[in-house]
Amino acid sequence: MLTNVRYNSATRRNGRLTNLMTGNLLEDHTTESGREKLLAAAIRLFAAKGYAGTSVREILRAAGVTAPVLYYHFASKEGLFLAIAQQGRAKLEAARAEALRPGGSARMRILRLARAHLAVRREYADLAWVVEQILSGPPEAAPSCDFRGMVRESVGRFEALAQEGAASGELRPCAPRHVALAVMGALEVAFRAPLYDDRDGASPDGVLESVLAIVLEGLAATPHDAPQPAPIA
């Protein structure tokens, strides 16, 4: 039988939560299992009902665990959400590192980075939807996470690649920030491809490749973009 105690009265014993006063096990499964159940249940509920609209009680019921397990691992609903967000961020950072490996033209690296962004966003589609809901909702109901800073960081990565390409002469003179915003726009359209294009065979990956091909082809430097020699006096 589960003992009703607060988190600060619990500790681990052989990988399980126990009541410090009685020594009784609080859960009949490992705490790591409980942690994963909470993460999975929470993101489903956040996506369905919104972050603010989801209660701790609902998360516990869906995960099949008791409150001490949540408090042990995450301390609060906000801590649980931030753990989910950190998972997505870590996956994106790893994908970025792979996409930005040395080698290849600026256009190819922009394309690799865009593919990596889309792949992670599709894998964490529920999280992406929850973040959009949070950003469009009242600030006081939002968890303490700098989502706008994360988006600006992504824009900055594409901006740096565009600046690099323009400096090398691979890309025509351009505003690197505008190039980055164009790529981010292509990612948004690709992520929502089924909404814009319901034809058979239309996929997020295919839409991204097609739209970026237009963007990057338009950025390609031509002989007319090369510096012209000064006229002879």
Output yes when any residue across region 93-106 is at positive phi, assigned by TED's automatic domain parsing to the domain that holds GLN163 and modelled with pLDDT under 95, and no when none is. yes
What is the one condition in (1) closer than 30 Å to GLY218 by Cα; (2) assigned to a loop (DSSP other than H, G, I, E, B) that ARG157 does not satisfy? (2)
Would you confirm whether or not region 167-188 contains a residue that is closer than 20 Å to GLY206 by Cα, without any contact (Cβ under 8 Å) to a residue 12 or more places away in the chain and not β-branched (Val, Ile, Thr)? yes
I'd like to check something: does region 17-24 contain any residue that is out of contact with any Pro (no Cβ under 7 Å at 6 or more places or on another chain) and either on the phi > 0 side of the Ramachandran plot or at pLDDT 90 or above (or both)? yes
Which of the residues that make up region 90-106 are hydrophobic (A, V, I, L, M, F, W, C) and part of a loop (DSSP other than H, G, I, E, B)? LEU100
Top-ranked residue of region 95-111 - restricted to ones that are touching a residue at least 12 places away in the same chain (Cβ under 8 Å) and within 15 Å of VAL179 (Cβ to Cβ), ranked as surrounded by the fewest Cβ atoms within 10 Å (Cβ to Cβ): SER105
Of the conditions (1) in contact with a strand residue (DSSP E or B) (Cβ under 9 Å, 6 or more places away or on another chain); (2) within 30 Å of ILE84 (Cβ to Cβ), GLU164 clears all except one; give me its number. (2)
Where a residue in region 201-214 is without any contact (Cβ under 8 Å) to a residue 12 or more places away in the chain and its partner, wherever it lies, is part of a helix (DSSP H, G or I) and surrounded by 13 or more Cβ atoms within 10 Å (Cβ to Cβ), with Cβ under 6 Å and at least six apart: ALA202/ALA193
Limited to region 73-89, what total is found for residues that are over 14 Å from ASP146 (Cβ atoms) and either outside any helix (DSSP H, G or I) or in contact with a Cys (Cβ under 7 Å, 6 or more places away or on another chain) (or both)? 3
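The values are calculated or read from the model by the stated rules, or taken from the named source; none is laboratory data. Here the structure is a predicted model, which means the values were calculated and not measured. With ideal geometry, Cβ positions are generated from the backbone for all residues, glycine too; neighbour counts draw on all protein chains shown.
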